[in-house]
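For reference, the structure is listed below as structure tokens.
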Amino acid sequence: MCQDRVIKLLIFGIIAGFLLQESSPHPASSSSLSKERRGGTTAEEDDYDYEDEDEPSKERGTNDVNGSDFNTMLLTKNQTVETEINETVTLPCRVNNPQNNTIVMWYNTTILLYVRDNKHSKDPRLSLGSDNSLTIQGVKVEDDSIYKCTVYPVTKSAYITLKVRGSPYNVMITHGNNDYTNRNLEIQQHDRKFIIHCRAAGFPTPLISWSFRGKHLDESHAKQTGITVRKEFLEIHDVKAHHAGDYECLAQNGIGEPVSAVVTVQIKSSPSISKHIDYLNTAIGETAELVCLYHSNPTAIKIQWFRGDEALHDSAKFSISRDRHNHHLRTRLTIRDVEQKDLVSYVCMITNNLGEATAKTTLGLLPGAAHLANFSYSDGLLHTIWRVRSVQPLSDLQILYKGENTKYTTVDATILEQNKEENGEFWNIKRSIRLPEGEWFITARAKNTEGWAYTETVPLQFQIPGEVSLDNRGSGGSSTGSIRHASSLASLGALCVVLYSLLISRIH
């Protein structure tokens, strides 16, 4: 029992001591002690005198920006100011209670403009106000920047972002950290991927769009060319030779004219052969010319033609030339006075520092493949014109067509001497076929005095539109026939597009 009482007394003593310590007055500050020595003021009188503006404390420093009104303070906060070209704009820098040792400095980013009223800029449009504000007269688009007002010795700064409304400027195209604006950019194809970035200054913020070889890169065109556009970024994830060309970045913000920049991308890769003929018809005693169109960057260091394993050189029998044809480089092999032993396969080989490319052409007496040169559709008939290369007279042309779930049907075309072109190498044969609406496949093959062509062209797929009817008009002036008519026109347009695209792909 006695022990419990002792413990309780000790705890009570500790708590009482703590409470007495909390209730005792705080030690007087150096300022209040000084005043007590002078006049013995109370704590309440000390607090009143501390706020008195007639007797500021000599003990307080000017660096305390949170103190009384006697302390120097920068009142201006970070802010954005908008203006127009040719206007006059004032950037604020409000300083409370400046002292003799107060220094106000103005910067344009890191460029010093003013120290107090001492001007360090040579720009006559700048002036400093009595309230330390910076005024810019005749605003230019180049004035769009971040300005800084700094006050010493409190070492406080306010950042004023000046936005000048105007058309885009300083359009720049970069790759990595390098500027390629209006320059050439070389890309290695084995890099597989590259990204270019377009940026432009201006307010409002410019919108960026891209074009490739003069054509706007909308979603459809970008997908066809294997290019990804993400606002100001342009990406290619699988670099090919056809990605070489001019890329234009267009910046516009609704003010003034759009501004653009261009980068010319050059793809360095092994050579590629863009066009050649798999089979070439000729005749004994004729002169045959075999052609390869190619692309090579870096420049080809070797261009060769082979017959089997035999490398060919300029001679009385053969001649090899190289030149430029449209946008392609071209090499040609000329074979004079064709003999039976010349009716074999020939290979052109293009070599550069990164690799090589080859293409084979077979020389023979049979006719070449029949290509659809032209077509039209009217009155349920598909009108076709087929083009065949054959120095020898043509005797037959078979057109083969079938529906989606049917077998091929063969029709013969009439061949006349007037079907032959003046140069004597090509024939143009017409044939019309009545086909019902639906999906169809069509191809053809030719025969000359030496026999049938080795192969026929790859079948072309197309859609025949439905019948056109203008009957059964409704009271409102429209009709189901009109709808069918519109549908027919749309289907005919689709037919033309499909056939044209396939035709072009076969030619190239």
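The values are calculated or read from the model by the stated rules, or taken from the named source; none is laboratory data. Keep in mind it's a predicted model, so treat the numbers as computed, not measured. Here the Cβ is made from the backbone with ideal geometry for all residues, glycine too, and neighbour counts use every protein chain on show. Only protein heavy atoms, including side chains, enter the accessible area calculation; ligands, DNA and RNA are left aside. Shrake-Rupley method; radii C 1.70, N 1.55, O 1.52, S 1.80 Å.
If you check His221, His242, which single one turns out to be surrounded by fewer than 17 Cβ atoms within 10 Å (Cβ to Cβ), under 29 Å from Tyr294 (Cα atoms) and in contact with a Lys or Arg (Cβ under 7 Å, 6 or more places away or on another chain)? Unique residue meeting the criteria: His221. Scanning the stretch 344-372 for residues being in contact (Cβ under 8 Å) with a residue 60 or more places away in the chain, out of contact with any helix residue (DSSP H, G or I) (no Cβ under 9 Å at 6 or more places or on another chain) and either open to solvent by 40 Å² or more (accessible area, probe 1.4 Å) or assigned to a strand (DSSP E or B) (or both) gives a total of 13. Scan the stretch 277-295 and tell me whether some residue there is at pLDDT 90 or above and more than 21 Å from Arg389 (Cβ to Cβ). Yes, the stretch 277-295 contains a residue that is at pLDDT 90 or above and more than 21 Å from Arg389 (Cβ to Cβ).
Of the conditions (1) open to solvent by less than 80 Å² (accessible area, probe 1.4 Å); (2) modelled with pLDDT under 95; (3) over 33 Å from the mean Cα position of the chain (by Cα), Val89 fails just one. Which one is it? So Val89 meets the others, but not (2). Scan the stretch 416-439 for residues that are open to solvent by less than 40 Å² (accessible area, probe 1.4 Å) and within 19 Å of Gly368 (Cβ to Cβ) and jot them down. Residues satisfying the conditions are Asn419, Gly424, Trp427, Ile429. Criterion first (open to solvent by 80 Å² or more (accessible area, probe 1.4 Å) and touching a strand residue (DSSP E or B) at 6+ places or on another chain (Cβ under 6 Å)) does Thr161 satisfy it? So Thr161 fails the test.
Asn405 meets each of the listed conditions (1) in contact (Cβ under 8 Å) with a residue 60 or more places away in the chain; (2) over 17 Å from Arg434 (Cα atoms); (3) not hydrophobic (A, V, I, L, M, F, W, C) apart from (1). Restricting Ser260, Ser296, Ser274 to those that are polar (S, T, N, Q) and open to solvent by less than 50 Å² (accessible area, probe 1.4 Å) reduces the list to Ser296.
Restrict the check to the stretch 208-231 and report whether at least one residue is more than 30 Å from His328 (Cβ to Cβ) and touching a residue at least 60 places away in the same chain (Cβ under 8 Å). The answer is no; no qualifying residue exists. Residues in the stretch 394-408 that are surrounded by 12 or more Cβ atoms within 10 Å (Cβ to Cβ) and either under 21 Å from Glu286 (Cβ atoms) or not charged (D, E, K, R) (or both): Leu394, Ser395, Leu397, Gln398, Ile399, Leu400, Tyr401, Gly403, Tyr408.
Residues that are assigned to a loop (DSSP other than H, G, I, E, B) and surrounded by 14 or more Cβ atoms within 10 Å (Cβ to Cβ) within the stretch 138-158 comprise Val139, Asp144, Val154, listed in sequence order.
Can you find a residue in the stretch 303-323 that is open to solvent by 70 Å² or more (accessible area, probe 1.4 Å) and within 30 Å of Ile208 (Cβ to Cβ)? Checked against the condition, which is being open to solvent by 70 Å² or more (accessible area, probe 1.4 Å) and within 30 Å of Ile208 (Cβ to Cβ), the stretch 303-323 yields no hits at all.
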